[in-house]
Every structure is written in structure tokens, then in C-alpha cells.
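Below: the structure, in C-alpha cells.
The values are calculated or read from the model by the stated rules, or taken from the named source; none is laboratory data. Because the structure is predicted, anything quoted here is derived from the model rather than measured. For neighbour counting, all protein chains shown are included, and Cβ atoms are generated from backbone atoms with ideal geometry for every residue, glycine included.
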Amino acid sequence: MQIGIFTGVTDESIGPADLARAVEDRGFESLFVAEHTHIPVTVTTPYPGGDEIPPDYHRNLDPFVTLSFAAAATQRLRIGTAVTLVVQRDPIILAKEVASLDLASGGRFELGVGVGWLREEMRNHGTDPRTRVALQRERLLAMTNIWSHRQAEFHGEFVDFDPLYSWPKPVQQPRPPVWLGGWGPSTHERILDHADGWLAPVGIPLDELARGIRELQALADRHGRAPVPVIATLFQPQRHQLQYLAELGIHRTLLGIVPVLPHDAALHELDRLAEVSFGPHR
């Protein structure tokens, strides 16, 4: 099982280059970052975390800018989003951003995607929350066409374009790994339809995660598919939890740093997480 770091990066946190170097130097395999373009002042959508929406959410740097600095500052570190809000982004531009970052990083980028929960944020981007699941699917399929074909075209209900040229193509073919986030009534079916793996929801109890993995793999088997890789996320991890996730066959566990931390505090937290993950003599 690989172990990486998940966090936001803001104007008040450790910078992306210093963060990425520190993550790689401590032996972690990957760095995944969050996305919110903004937080509307007036919000009626319930926050999944319970209380007020944290200030970090409206201070996030753009994830592709963050990860560009992270890639340039490291050699081996896998970089990714958890998650890109595809329903709030133009698919032709997003396809270009993903391919460019994958090329510039030497094929180290991974795309975590989610339909999002904050309806007011979506509406500000012209997205109808009621159709966001179907919209995400079409945008991902359209982007895959752009990455995979010399002349790409797509004709759907929400995405429609005639043949076009778009370079660069990603180093990873036919596309960088796409991880679908969440867990709803159709999540597992959607993973098999248009993603490569499951980005399990943050904060899910481990016994529920185990049940979800069993259901996902049973569905994959019924469709004649190989087992689907899974990413889990832990906050305040303990060693026995990491061992349990490894026994479940988890592909990668992300250790969360939330809320974001300034430079020195972030380095101390990474030291603590490295000791939990790898022991004092790694």
C-alpha cells in the first residue's frame, strides 16, 4: 500500500514547492490537493462536515498551479487532485491542463474527480446541480477522447464539439488515472463506466469502507473486470489503521492535514505522520 498526503494549499499555508519537497523527502509517495474556486457569501447547502464551512475552502490556490510547483520541486512524487470539480470547469480547457501537467511532470499526475456538494458554488459556474452527475460523465468521456485521438470529437447532451486538434497528449495513455470520489447509489457503477478507481469518501468508518470495497469488487467481478483500485483517506491516523487498510488491499492511503498549516507547523506534522507511517527509523 502506498501512503501519500492530502491537504489544501492556501495563501496562509506552507507554499506548494516547500510542501512537495517535504512530502517527498519524508518518504511519502504522493501529494493530493483540494479544490474550491470560491465560497458564496450566502449558502443554504448543508456543509458535510457539520458546522461552518472552514475559511481554508475559499482561500485555496488553484490545484493545477499548486501541482505545477509541486512537480517542478520534486523528482518522484505522484501528484493529484482530491478532487477536481469537473462540473465547474470547461472540459476542453481542463483536458489541456491535465495533459500539460502530466507531460511536464513526466507522467506523475492523477485526476481525482467529484461532482461536488455546494450547490451555490455550482450555480455560479452555470451548472445545474440536478444534472451534475450526467454532466461529469460526459465531460470525462469527452476529455478522454481529446487525450486519446488525433482528431477528437464528442456529441452528447451536455458536451458537444466537432473534430478538433488538441496537444499535448498525456504521457500516461490512454489517460492519467481517474479516481471517482464519493459513495452514492450509483458510485460503483459510475466507476466501472468512466473511471479507473474509487476515491473513497473522507471520514467514512473503516468497517463501512470495507463493506464498500466488497460491494465494488463484487460488481467488478460480475462485469468480468479486474479488481478496482481504491484510495482511502485518514485524519489523525494510527498505525493499526494503516495496517488494517493494507490488509483490505487498499492501493493508497492519503493522510490528511486539515486545516492547513503554516510552514514550520506543516513540517512538524509531516514528521509526525512519517513516524506513524514508516516508524522512527525509515
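Quick look at the values:
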read-out	value
Residue 41 buried (at least 23 other Cβ atoms within 10 Å of the Cβ) and modelled with pLDDT of 95 or more	no
Residue in the stretch 146-168 that is modelled with pLDDT of 95 or more, in contact with a strand residue (DSSP E or B) (Cβ under 9 Å, 6 or more places away or on another chain), assigned to a helix (DSSP H, G or I) and farther than 24 Å from residue 37 by Cβ present	no
Matching entry among 176, 227 (being at pLDDT 95 or above, closer than 30 Å to residue 15 by Cβ and assigned to a loop (DSSP other than H, G, I, E, B))	176
Residue in the stretch 153-166 that is closer than 24 Å to residue 250 by Cβ and not small (Gly, Ala, Ser) present	no
The stretch 86-98 residues that are more than 17 Å from residue 149 (Cβ to Cβ), paired with ones that are part of a helix (DSSP H, G or I) (beta carbon under 6 Å, 6 or more apart)	86/136; 86/139; 87/132; 87/135; 87/136; 97/64
Among the residues listed as 213, 250, the single one being in a helix (DSSP H, G or I), in contact (Cβ under 8 Å) with a residue 12 or more places away in the chain and over 14 Å from residue 28 (Cβ atoms)	213
Top-ranked residue of the stretch 220-237 - restricted to ones that are touching a Leu at 6+ places or on another chain (Cβ under 8 Å) and either in contact (Cβ under 8 Å) with a residue 60 or more places away in the chain or basic (Lys, Arg) (or both), ranked as surrounded by the most Cβ atoms within 10 Å (Cβ to Cβ)	231
Unique match (being surrounded by fewer than 20 Cβ atoms within 10 Å (Cβ to Cβ), touching a residue at least 40 places away in the same chain (Cβ under 8 Å) and in contact with a helix residue (DSSP H, G or I) (Cβ under 9 Å, 6 or more places away or on another chain)) among 168, 174	168
Residues of the stretch 202-211 that turn out to be modelled with pLDDT of 95 or more and either under 17 Å from residue 32 (Cα atoms) or crowded, with 18+ Cβ neighbours inside 10 Å (or both), as a count	1
The stretch 136-158 residues that are among the β-branched types (Val, Ile, Thr), paired with ones that are in a helix (DSSP H, G or I) and surrounded by 20 or more Cβ atoms within 10 Å (Cβ to Cβ) (beta carbon under 9 Å, 6 or more apart)	144/95; 146/91; 146/95; 146/99
Residues within the stretch 60-76 that are buried (at least 23 other Cβ atoms within 10 Å of the Cβ), of a type outside the set (Ser, Thr, Tyr) and farther than 22 Å from residue 182 by Cα, tallied	3
Test: residue in the stretch 69-79 that is in contact (Cβ under 8 Å) with a residue 24 or more places away in the chain and either within 21 Å of residue 202 (Cα to Cα) or in contact with a Gly (Cβ under 6 Å, 6 or more places away or on another chain) (or both)	yes
Subset of the stretch 139-157 [farther than 15 Å from residue 85 by Cβ, surrounded by 14 or more Cβ atoms within 10 Å (Cβ to Cβ) and of a type outside the set (Val, Ile, Thr)]	141, 142, 145, 147, 149, 152, 154, 156
Residues of the stretch 115-126 satisfying the condition of being in contact (Cβ under 8 Å) with a residue 40 or more places away in the chain and either surrounded by 22 or more Cβ atoms within 10 Å (Cβ to Cβ) or acidic (Asp, Glu) (or both)	115, 118, 120, 121
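Yes/no matrix, rows are residues, columns are (1) in contact (Cβ under 8 Å) with a residue 12 or more places away in the chain; (2) touching a helix residue (DSSP H, G or I) at 6+ places or on another chain (Cβ under 9 Å); (3) of a type in the set (A, V, I, L, M, F, W, C):
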{"site": "4", "(1), (2), (3)": "yes, yes, no"}
{"site": "12", "(1), (2), (3)": "yes, yes, no"}
{"site": "16", "(1), (2), (3)": "yes, yes, no"}
{"site": "21", "(1), (2), (3)": "yes, yes, no"}
{"site": "52", "(1), (2), (3)": "no, no, no"}
{"site": "58", "(1), (2), (3)": "yes, no, no"}
